[in-house]
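Below is one structure, written out as structure tokens; the observations come after it.
The values are calculated or read from the model by the stated rules, or taken from the named source; none is laboratory data. Every value quoted in this text rests on a predicted model; they were computed, and no experiment measured them. Ideal geometry is used to build each Cβ from the backbone, glycine not excepted, and the neighbour counts take in all protein chains shown.
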Amino acid sequence: MEGQFLEAIDIARKAVEAANDKQATDILLLDMRRVCSFADYFVIITGESSRQIKAINGEVEHALKKKDISLHHREGDSDSGWILLDFGDVIVHIFAQVERQYYQLEKLWSNATPVLRIQ
């Protein structure tokens with residue numbers, strides 16, 4: 001199975017690519033390995049509408065499923081303005097703009113190392 005051979009950074013980059021394919025904005029990839037024990041990487045994404053958030057979610061799940069990466073857990077939905085996708089070592093957060101500003105994950109995890117940012 002291909003999923004077993006992908007490193008966490010490769011999974012995170014696939015999620016970034018999938019989100020970018022759906023015109024997500026302000027995509028941030030954070031290396032969490034020095035600051036938390038439950039994930040190696042966070043991918044933080046902004047969608048402009050409920051419909052776009054749903055499309056980004058679908059594209060990320062589809063892209064990773066094609067690589068045999070299984071989703072462990074999902075929270076939230078496009079109507080709530082926030083979706084969390086837990087792929088084990090990689091956590092993907094898809095936010096509406098208002099929710100992203102409210103939760104301020106970048107500030108909360110400011111000690112994490114930024115790997116990539118696509119504005």
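Filter segment 89-116 for residues that are over 17 Å from Lys22 (Cβ atoms) and in contact (Cβ under 8 Å) with a residue 24 or more places away in the chain and give the result. Scanning segment 89-116 gives Asp89, Val90, Ile91, Leu105, Glu106, Trp109, Asn111, Ala112, Thr113, Pro114, Val115. Considering segment 88-115, the residues that are among the polar types (S, T, N, Q) and in a helix (DSSP H, G or I) include one that is surrounded by the fewest Cβ atoms within 10 Å (Cβ to Cβ), namely Gln101.
Checked against the criterion of being aliphatic (A, V, I, L, M), closer than 17 Å to Leu116 by Cβ and buried (at least 21 other Cβ atoms within 10 Å of the Cβ), the candidates Leu29, Leu85 yield just one match: Leu29. Checking each residue in segment 45-55 for being surrounded by 22 or more Cβ atoms within 10 Å (Cβ to Cβ) and either in contact with an Asp or Glu (Cβ under 8 Å, 6 or more places away or on another chain) or in a loop (DSSP other than H, G, I, E, B) (or both) picks out Ile45, Thr46.
Restricted to segment 60-70, and to residues that are surrounded by fewer than 17 Cβ atoms within 10 Å (Cβ to Cβ) and in contact with a helix residue (DSSP H, G or I) (Cβ under 6 Å, 6 or more places away or on another chain), which residue is farthest from Ala24 (Cα to Cα)? Full working, then the answer.
Here is the first cut: in segment 60-70, the ones surrounded by fewer than 17 Cβ atoms within 10 Å (Cβ to Cβ) are 62, 65-68, 70.
Next cut, in contact with a helix residue (DSSP H, G or I) (Cβ under 6 Å, 6 or more places away or on another chain) only: 67-68.
Numbers: Lys67: 21, Asp68: 23 Å.
Among those residues, the one meeting the criterion is Asp68.
Applying the set (1) more than 14 Å from Phe87 (Cα to Cα); (2) modelled with pLDDT under 95 to Thr46 leaves exactly one unmet item: (2). Checked against (1) in a loop (DSSP other than H, G, I, E, B); (2) surrounded by 19 or more Cβ atoms within 10 Å (Cβ to Cβ), Phe38 passes all but condition (2). Cβ-Cβ contacts under 7 Å between residues 6 or more apart (or on different chains), taken from a first residue in segment 40-54 that is within 9 Å of Ala96 (Cα to Cα) to a second residue that is modelled with pLDDT under 95 and crowded, with 19+ Cβ neighbours inside 10 Å, are listed as Ser50/Ser78; Ile53/Ser78.
When Ser78 is tested against (1) surrounded by 15 or more Cβ atoms within 10 Å (Cβ to Cβ); (2) in contact with a Leu (Cβ under 9 Å, 6 or more places away or on another chain); (3) among the polar types (S, T, N, Q), just one condition goes unmet, and that condition is (2).
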